[in-house]
Number of protein chains: 2
Amino acid sequence: MITVLAGGVGAARFLSGLIQIEKPENIRVVVNTGDDFILHGLYICPDIDTIRYTLTNDVGSQGWGRSNETWHALGELKNLAQHAPERSRATDWFALGDRDIATHLYRTQRLREGADLTQVTGELSQAASLRLKLLPMTNDRVATMLTMEDGETIDFQEYFVKRRHAEPVMSIQFEGNRQAKASREALDAIADAERLIIAPSNPVLSIGPLLALPELAAVLRSQRHRTIAISPLINGKAVKGPADHLMAELGLDSSVVGVANYLDQYAGHMVADEADIDKRASIEALGFKTTFAPTLMSTPKRARELAKVVMSATLDD
Amino acid sequence: MITVLAGGVGAARFLSGLIQIEKPENIRVVVNTGDDFILHGLYICPDIDTIRYTLTNDVGSQGWGRSNETWHALGELKNLAQHAPERSRATDWFALGDRDIATHLYRTQRLREGADLTQVTGELSQAASLRLKLLPMTNDRVATMLTMEDGETIDFQEYFVKRRHAEPVMSIQFEGNRQAKASREALDAIADAERLIIAPSNPVLSIGPLLALPELAAVLRSQRHRTIAISPLINGKAVKGPADHLMAELGLDSSVVGVANYLDQYAGHMVADEADIDKRASIEALGFKTTFAPTLMSTPKRARELAKVVMSATLDD
């Protein structure tokens with residue numbers, strides 16, 4: 001059994017490679033929920049949905065949302081938002097496609113009926129005939145919050161979508177992480193796994209929330225010898241998103257070495273891009289085994305090749 | 001100033017006639033909110049929306065929902081609902097069009113932000129350039145509940161939409177009506193009006209919730225001499241919906257005489273269809289003045305003609 005710790009787009013691409021070479025039934029994915037938020041009353045789980053849409057070949061060309069999407073609700077919302085009071089979040093900056101809205105409507109209804117997020121995610125996966133198991137890291141509320149240079153603290157979506165992750169961040173908090181319990185299913189998936197993979201997701205924004213759950217972090221530490229991390233940075237640059245400059249803003253080394261430093265309690269093997277082969281010694285000095293390979297998943301074939309590399313990376317006994 | 005007490009489709013048709021002969025700025029509409037409900041997390045106000053869509057020439061041909069509507073979210077929801085647990089209300093029986101959803105998203109967001117329903121309804125009206133004032137009867141929660149012959153109590157939408165108002169009803173309750181306060185704006189609209197009109201809406205289901213608010217009912221009683229009711233029944237039949245058989249099921253006379261009986265504390269003048277002229281004596285015996293005229297609003301012109309009749313109906317001094 002394989003367990004993947006995942007954020008959104010990068011993880012989804014990696015998983016689309018992994019299911020080409022491994023039975024989906026053998027894969028469990030523990031997904032970040034720190035980006036989840038409620039907008040217009042809808043309970044939205046961006047990372048879970050991105051993975052689900054990607055793996056069912058129903059993802060938008062931008063890497064999120066659904067393919068063949070229409071935007072009629074959003075078009076109307078745009079008109080309404082123009083008449084909203086200034087401080088309202090009734091707005092059109094979060095791209096809700098009509099078919100995507102159905103996911104949120106269903107999830108919101110089921111959560112209101114008392115189902116937990118793990119159960120609802122299972123129902124949504126089943127409806128999409130998704131055969132791997134998507135497991136939210138927790139059924140409780142954990143919110144990734146960012147404190148900006150001017151001292152203002154904003155939530156993930158405001159940072160990422162509304163402000164296009166362009167403004168410098170001073171610190172990150174995971175609100176609720178001490179009260180939240182990692183889900184039983186997520187903990188089991190980590191404890192039981194023969195091979196654990198930390199997907200090439202933003203370490204601080206997408207993997208950070210998982211590590212902020214004390215029980216989950218402890219189980220993961222105990223599995224360090226079975227855990228392979230994939231660097232999302234190539235030659236110091238993020239393929240997508242703000243990982244590079246965000247790590248620098250937070251005082252971390254914005255390179256695969258910084259990623260290794262961030263994850264060294266949790267992973268024993270680092271898969272990095274071949275462009276970073278000069279950093280081998282620095283990474284290995286942190287106690288990692290290393291594999292260098294092409295990590296840019298620009299095509300399904302490249303995603304599959306990366307998955308092969310990760311599946312053949314040697315583990316400690 | 002004219003104030004209309006309104007339910008959904010019948011009231012909307014009447015108002016579309018009234019605004020042809022009166023300045024919209026002089027019209028306030030106190031609208032039933034007993035049908036309001038939360039589905040998939042969305043706060044839905046069927047009567048308010050039906051009136052708003054009708055008066056902005058954006059209503060569906062069925063009399064509710066929006067014109068030029070698409071159903072992409074609902075199509076997806078249908079697929080998801082098939083995988084929902086049996087008792088779930090995650091479902092597709094309530095027809096949510098994509099553009100209609102935007103209304104509910106906006107309303108839900110604004111209510112979550114602390115705005116009251118009166119304010120949000122004003123914002124939605126303004127966005128649609130609606131010049132008459134739509135006033136929810138209350139900002140509090142009142143839910144029309146129906147007890148069926150088998151003793152089961154269900155909410156309005158389950159009765160009306162899911163079960164297509166086909167099953168016999170034993171009694172109706174307006175849950176929360178004693179705790180709810182009629183809105184200040186609704187009370188003022190009734191107290192200030194020179195002419196009050198009870199629209200041809202289902203008396204027990206659509207006007208009943210307004211009368212179940214004690215303060216609103218009291219102000220309305222004090223305005224009886226200024227109030228004209230329009231019968232929604234023609235020759236004992238409802239134009240649309242269950243008013244006729246529902247009144248019979250509740251032990252009321254399912255004719256304009258039953259309507260007059262139901263409203264005799266609140267209205268001093270009854271406008272009934274010319275087909276019911278034989279009931280003049282029975283209605284007048286209840287203390288009503290009467291006017292008989294064509295009341296079927298099958299075209300905008302007929303709606304206008306009915307509005308003219310109502311506007312020229314004599315009031316007591």
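The values are calculated or read from the model by the stated rules, or taken from the named source; none is laboratory data. Worth saying up front: this structure is predicted, and the values here are computed from it rather than measured. Using ideal geometry, Cβ is built from the backbone for each residue, glycine included, and neighbour counts are taken over all protein chains shown. Ligands, DNA and RNA are stripped out before the accessible areas are found, and what is left, the full protein with its side chains, is counted by its heavy atoms. Shrake-Rupley method; radii C 1.70, N 1.55, O 1.52, S 1.80 Å.
Among the residues of segment B:250-267, how many are touching a residue at least 60 places away in the same chain (Cβ under 8 Å) and either within 18 Å of the chain's Cα centre (by Cα) or within 19 Å of B:L220 (Cα to Cα) (or both)? Give the steps one after another, and end with the answer.
Here is the first cut: in segment B:250-267, the residues touching a residue at least 60 places away in the same chain (Cβ under 8 Å) are B:250, B:263, B:266-267.
Remaining after also requiring either within 18 Å of the chain's Cα centre (by Cα) or within 19 Å of B:L220 (Cα to Cα) (or both): B:263, B:266-267.
Qualifying residue count for the region: 3.
Which numbered condition trips up A:H72, out of (1) touching a Lys or Arg at 6+ places or on another chain (Cβ under 6 Å); (2) within 7 Å of another protein chain (Cβ to nearest Cβ); (3) surrounded by fewer than 20 Cβ atoms within 10 Å (Cβ to Cβ)?
Answer for A:H72: the failing condition is (3).
Kindly evaluate A:L77 against the criterion of being free of Cβ contacts under 8 Å to residues at least 40 places away in the same chain and facing another protein chain (nearest Cβ under 9 Å).
Here the answer is yes, as A:L77 does meet what is asked.
Which numbered condition in (1) surrounded by 20 or more Cβ atoms within 10 Å (Cβ to Cβ); (2) more than 19 Å from B:V310 (Cβ to Cβ) is the only one that B:E215 fails?
Every condition holds for B:E215 apart from (1).
Out of contact with any helix residue (DSSP H, G or I) (no Cβ under 6 Å at 6 or more places or on another chain), among the aromatic types (F, W, Y) and either more than 18 Å from B:H72 (Cβ to Cβ) or crowded, with 19+ Cβ neighbours inside 10 Å (or both): is that true of A:Y53 in this structure?
So A:Y53 fits the description; yes.
Output the residues belonging to segment A:91-110 that are at the interface with another protein chain (Cβ under 9 Å from one of its Cβ atoms) and not in a helix (DSSP H, G or I).
A:T91, A:L96, A:G97
Collect the residues in segment B:158-176 that are in contact with a helix residue (DSSP H, G or I) (Cβ under 7 Å, 6 or more places away or on another chain) and surrounded by 18 or more Cβ atoms within 10 Å (Cβ to Cβ), keeping them in residue-number order. It would help to see each step written out before you state the result.
First, the residues of segment B:158-176 that are in contact with a helix residue (DSSP H, G or I) (Cβ under 7 Å, 6 or more places away or on another chain): B:165, B:168-169, B:172, B:174.
Result: B:H165, B:V169, B:I172, B:F174.
Using the structure shown, decide if B:R66 is touching an Asp or Glu at 6+ places or on another chain (Cβ under 7 Å) and open to solvent by 10 Å² or more (accessible area, probe 1.4 Å).
Considered against the rule, which asks whether it is touching an Asp or Glu at 6+ places or on another chain (Cβ under 7 Å) and open to solvent by 10 Å² or more (accessible area, probe 1.4 Å), B:R66 comes out as yes.
Could you list all residues from segment B:19-43 that are open to solvent by 30 Å² or more (accessible area, probe 1.4 Å) and within 14 Å of chain A (Cβ to nearest Cβ)?
Matches in segment B:19-43: B:I38, B:Y43.
Take segment B:1-18 and flag every residue that is touching a Lys or Arg at 6+ places or on another chain (Cβ under 8 Å) and open to solvent by 20 Å² or more (accessible area, probe 1.4 Å).
B:M1, B:V9, B:G10
Give the number of residues within segment B:76-129 that are at positive phi and of a type in the set (A, V, I, L, M, F, W, C).
0
Run A:T314 past the list (1) in contact with an Asp or Glu (Cβ under 7 Å, 6 or more places away or on another chain); (2) modelled with pLDDT under 95 and report the number of the one that doesn't hold.
Unmet for A:T314, out of (1) in contact with an Asp or Glu (Cβ under 7 Å, 6 or more places away or on another chain); (2) modelled with pLDDT under 95: (1).
Could you grab the pairs with beta carbons closer than 8 Å, sequence gap of 6+ or different chains, first residue in segment A:59-70 and aromatic (F, W, Y), second one in a loop (DSSP other than H, G, I, E, B) and surrounded by 16 or more Cβ atoms within 10 Å (Cβ to Cβ)?
A:W64/A:G8
Pairs only if they're at least six apart or on different chains, beta carbon under 6 angstrom, first in segment A:1-13 and of a type in the set (K, R), second open to solvent by 20 Å² or more (accessible area, probe 1.4 Å); list them, first residue then second.
Cβ pairs passing all conditions: A:R13/A:M297.
Among the residues of segment A:98-112, how many are in contact (Cβ under 8 Å) with a residue 60 or more places away in the chain and open to solvent by 20 Å² or more (accessible area, probe 1.4 Å)?
Result for segment A:98-112: 1.
Quick one: count up the residues across segment A:123-157 that are under 18 Å from A:N32 (Cα atoms), within 14 Å of another protein chain (Cβ to nearest Cβ) and either surrounded by fewer than 18 Cβ atoms within 10 Å (Cβ to Cβ) or out of contact with any Lys or Arg (no Cβ under 9 Å at 6 or more places or on another chain) (or both).
Total satisfying the criteria: 1.
So if I check each of A:G114, A:G63, which one is more than 7 Å from chain B (Cβ to nearest Cβ) and under 22 Å from A:Q157 (Cα atoms)?
A:G63
Exactly one of these conditions fails for A:S88: (1) more than 9 Å from every other protein chain (Cβ to nearest Cβ); (2) in contact with a helix residue (DSSP H, G or I) (Cβ under 9 Å, 6 or more places away or on another chain). Give me its number.
(1)
Just to be sure I understand, how many residues within segment B:88-97 are more than 17 Å from B:L124 (Cβ to Cβ) and open to solvent by less than 10 Å² (accessible area, probe 1.4 Å)?
1
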